[in-house]
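Comments concern the structure below.
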Amino acid sequence: MDLSFGPEYERFRAEVRDFIESHRHLAPNTMALRHKSVLDWQRLLIDKGYAARTIPREYGGAGLPTDILKSFIIGEEFAAARVRAGIGGQGIHMLVPTLLELGSEEQKRQFIPPTLAGEMIWCQGYSEPGAGSDLASLRTSAVLDGDEWVVNGQKIWTSTAHLADWIFCLVRTEPEAPKHRGISFMLFDMKTPGIEVRPLVDMTMERNFNEVFFTDVRVPKAQIVGARGEGWMVANTILKNERDTLADPNQAQARLNSLVELMRSETIDGVRVIDKPEFRDRLMRLQGRALANRFNDLRNLSNRLGGRADGALAQMIVKLQGTELRHDIEGLAIDVMGETGLAYGSNPYLRDKGSWQYQYMYYLGLIIGGGTSQIQKNIISERGLGMPREPRPHPA
Amino acid sequence: MEFGLSEEQRLLQASLSGYLNEHASLDRVRRFADNTTDKANKTEARARDIEQGLAELGVPALMIDEAHGGVGLGTLDACVVAEALGYSVTPAPFVANAVIAPLALRLAGSEAQRREWLPKLASGELVIGAALAESAGARVGAGVTASRGKLTGKSLFVLDFEADVYLVGDVAGGLTLVSKDASGLTRRRLETVDRTRPIGELVFDKTNAEPLPGASRTIVRTLLDHGRVMLAADTLGAAQAMLDKAVAYAKEREQFGRAIASFQAVKHMCAEMAAQLEPTRAFAWYAAHALDETSQDAHLTACHLKAHVSEVGGFVAKTATEVHGGMGFTDLLGLHYWFKRIGFNRQMLGSPERLREEAARQFQ
């Protein structure tokens, strides 16, 4: 056990910390896409190597060598300072790594630089009304007609589709092949004729999701990533990454710190909530769980550094444990506020911009999205514990 | 940066597990357990064969420095051992004898005391029990006062009770050593649900005791924290064993024409156990490491670890028993030895509520 990062990394940590302190006034206070302050901040972070760190310069990244510890330190410091660490979203988290690994040179040059800069916004067209947990049964079809694919079908849960410039999409191109082998990973412009986007308001009452309908959408033949029919493999290259970004223990720790502040300022009959044993006990339960996740994360980090394989199970449980913990942290904050915890929208008694109620619901969405907790448990029991799959029902 | 066990620690774990698999089987544990409850028979509740085997592997010498006949390893190494002992519900002294007592002598003993006691502890020639339950919270009016080298009062739930000497914590934060044969000392074994670990009470009536000159409340707290991390690691091992047994049983047991391990209801019970249990491993490593390094957060982490692992352990104990169906409830299968060991660890040296209360003092 050696938890020292060593002088080189401690210097780097100090550097990151200094940067955040001296530049935090420039950090955008809006999440708005394409907002100038957001794009400027992203540019600055890439220049410093704090965002798009390992992506080559010719594709608009910082072009620095892979260094798991430095990336880890950046994540830790930005979360601790509660300053936004650059732009997220499915384009940057999912499409860019996919293109880097499996895209053609032309695709990389065309799509990665504007995506990293925050100028090209993507949405992800995976789920369909009939293909949720069983994603590979998706039915949106693409049929080759001359030099173009003709796409027909429907996607659902499509975040930011109403704001996106482009979509990366799973479509069935080989209807005769077994279900996992007939899918292709396709990219196309959301302005193409035949696309209709309808809002799907979620329980937070925000328009995070959409339904997207395709009617004879014509897509140039070359706009496929990887080989035709291998889209399932292409998508799975990065699905695992998505799961883990949903459950960052640094964010949970930052949120727990905010919860402590809330418990210090909220009072019931003049007594601070933090001084009430029943609330303290709940807080301590959550702190215990957060510590477990945090040290598990350090173990996973160390396994990645050492290329060790003994931590497969420790990695598999991250999404399940992390999203459930966040939901419970947000839920305690609402109980801490009692009746004021119900405040939402324009209510003048709103605390912390209503983030507790919002995140409480949002994290329920994340428990379901990106592979539900039940699907996570299937993965843990089958791949982690070696238990057999549920047998398929016999055809009637 | 290396967050995990070293090669040496993995080897220690493997050799210990290998030994325990062979020599501390469930049959052996049963024979031990039956002995401890035989009230008519005054046989001592010690598995001398296992104690000797562990001594040969260097377990009681682990935390004693080489100058005093020990191996000179640390709390993280002891944590690895505790996990293995819990996995096999090993009926042998450890928490008091191999961790708390050597540490007390190191931190609070005189050099003469270290020279006298540590080599005997290291060789396994001598067992020291720990009467510290009252230092973590007195029950039923127990408590020991020290006056002019003599102890009066009573200490309950003494860890590693079948000992030659006891380390006793008094109400003023002092620590003393008392021989089992000291005049004015009455010992009584107390039956508990966990028959793998003998527990008892000590009643002192102006009993001669040898003070450790450097004792303080801070040192007593450090001893308790070490005990807590060891008990937590023991629970981690015992819970891992229960999960492993549940998965193995589910793969074997058939109902409705297929292994019950293929039913999602059963798979999800096992997945939930694994999801809660696996992160406690890294947590335990860190808590032990923090004690080794005397980090500022060592006390907080020890309290949190034991509270959290006790909750997870309780969940695993219940759920793994359920996966075994009716068989899980029987003595025949013996799963209850693990269930009860986890229950024992939960209450000793601070229950979860008590430890979370202590952890919450960070906000004062």
What full-extension length gain, to one decimal in nm, is calculated for A:Asp134 and A:Asp47 as 0.36 nm per residue of separation minus the Cα-Cα distance?
-> 27.2 nm
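From largest to smallest, what semi-axes in whole angstrom does the stretch B:7-123 give when each is the square root of 5 times an eigenvalue of its alpha carbon gyration tensor?
26, 19, 10
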Difference of contour (0.36 nm per residue) and Cα-Cα distance, A:Thr54 to A:Arg24 = 8.5 nm
Please report, for the Cα atoms of chain B, the Rg to one decimal and the Dmax as a whole number; what are they, in angstrom?
-> 20.2, 73
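Quick one, can you get me the convex hull of the C-alpha atoms of the stretch B:91-173 expressed as volume per residue in Å³?
Taking the convex hull of the Cα positions in the stretch B:91-173, it is 102 Å³ per residue.
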Kirkwood Rh over alpha-carbon pairs of the stretch A:122-227 plugged into Stokes-Einstein at 20 °C, 1.002 mPa s gives a D in µm²/s of 155
Once you charge only the Cβ atoms, +1 for Lys and Arg and -1 for Asp and Glu, what is the size of the charge dipole of the protein assembly as shown about its Cα centre, to the nearest 20 debye?
-> 960
For the stretch A:343-358, Karplus-derived ³J(HN,Hα) couplings (6.51, -1.76, 1.60; θ = phi - 60°; whole Hz; x for glycine and proline) come out as 4, 8, x, 8, 3, x, 8, 4, 9, 6, 6, x, 5, 5, 4, 4
Binned at 10 Å from 0, what are the whole-percent values of the Cα-Cα distance distribution for the protein assembly as shown, short to long?
-> 3, 12, 20, 22, 18, 13, 8, 4, 1, 0, 0
Cα centroids of the stretch A:218-238 and the stretch B:246-312: how far apart, whole angstrom?
-> 39
For the stretch B:217-363, how big is Rg over Rh, using alpha carbon atoms and the Kirkwood form of Rh?
-> 1.07
Using alpha-carbon positions, what is the distance between the centroids of the stretch B:101-122 and the stretch B:176-200, in Å?
-> 21
For the stretch B:201-257, the Cα gyration tensor yields equivalent-ellipsoid semi-axes (√(5λ), largest first, whole Å) of 46, 16, 6
Taking trypsin sites (Lys or Arg not before Pro) as candidate sites, keep only those in a DSSP loop with at most 16 other Cβ atoms within 10 Å, then name the longest stretch of chain B containing none of them.
-> B:254-364
Correct response: the longest run of chain A lacking exposed GluC sites (Glu not before Pro), defined by DSSP loop and at most 14 other Cβ within 10 Å, is A:207-396
Shape descriptors of the stretch B:134-192 over alpha-carbon atoms, Rg and Dmax in angstrom, are 11.1, 34
Take the eigenvalues of the Cα gyration tensor for the stretch B:106-235, scale each by 5, and report the square roots as semi-axes in whole Å, largest first.
-> 20, 18, 16
Ratio of the stretch A:288-396's C-alpha Rg to 2.2 N^0.38 Å, to two decimals?
-> 1.42
In cubic angstrom, how much convex hull volume per residue do the alpha carbon atoms of the stretch A:7-87 span?
-> 85
What percent do you get for the relative contact order of chain B when only Cα pairs under 8 Å and 6+ apart count?
-> 17
If you take the charge dipole of the stretch B:128-211 about its Cα centre, with +1 on Lys and Arg Cβ and -1 on Asp and Glu Cβ, which of B:Thr196, B:Gly137, B:Ser147 is farthest toward its positive end?
-> B:Ser147
Considering every Cα-Cα pair within chain A, what fraction, in whole percent, is farther apart than 41 Å?
-> 17
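Past the 22 angstrom mark, what percentage of all C-alpha to C-alpha distances in the stretch A:261-335 do you count?
39
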For the stretch A:133-141, what does the Karplus curve 6.51 cos²θ - 1.76 cosθ + 1.60, with θ = phi - 60°, yield as ³J(HN,Hα) per residue in whole Hz, taken in order and with x for Gly and Pro?
-> 4, 8, 4, 5, 8, 4, 10, 3, 10
Which aspartates and glutamates does A:Lys353 reach when only Cα atoms under 18 Å apart count, and residues fewer than 8 places away in its own chain are ignored?
-> A:Glu206, A:Glu261, A:Glu266, A:Glu330, A:Asp335, A:Glu339
Residues of B:304-315, mean number of Cβ from any other protein chain within 10 Å of their own Cβ, rounded to a whole number?
-> 3
Placed amide H near A:Phe209: partners under 5 Å, 5+ positions off or other chain = A:Leu200, A:Asp202
If each part is reduced to its alpha-carbon centroid, the stretch A:342-357 and the stretch A:1-43 end up apart, in Å, by 28
Which of A:Lys276/B:Lys154; B:Lys150/B:Lys306; A:Lys179/A:Lys221; B:Lys120/B:Lys340; A:Lys108/A:Lys179 exceed 25 Å between C-alpha atoms? The answer is A:Lys276/B:Lys154; B:Lys150/B:Lys306; B:Lys120/B:Lys340; A:Lys108/A:Lys179
Measure nothing but the geometry: give the 0 to 90° angle between the long axis through the Cα atoms of B:7-23 and the longest principal axis through the Cα atoms of chain B, rounded to 10°.
-> 80
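Using a 10 Å cut-off around each Cβ of peptide A:294-306, what is the average number of partner chain Cβ atoms that fall inside?
The per-residue average across the peptide is 5.
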Once fully extended, how much extra length lies between A:Lys36 and A:Gln374, figured as 0.36 nm per residue of separation less the alpha-carbon to alpha-carbon distance?
-> 117.6 nm
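FYI, it's all coordinate maths here, none of it is from the lab. Predicted model only: the values in this text are computed from it and were never measured. Here Cβ is always computed from backbone atoms with ideal geometry, including for glycine, and neighbour counts include all displayed protein chains.
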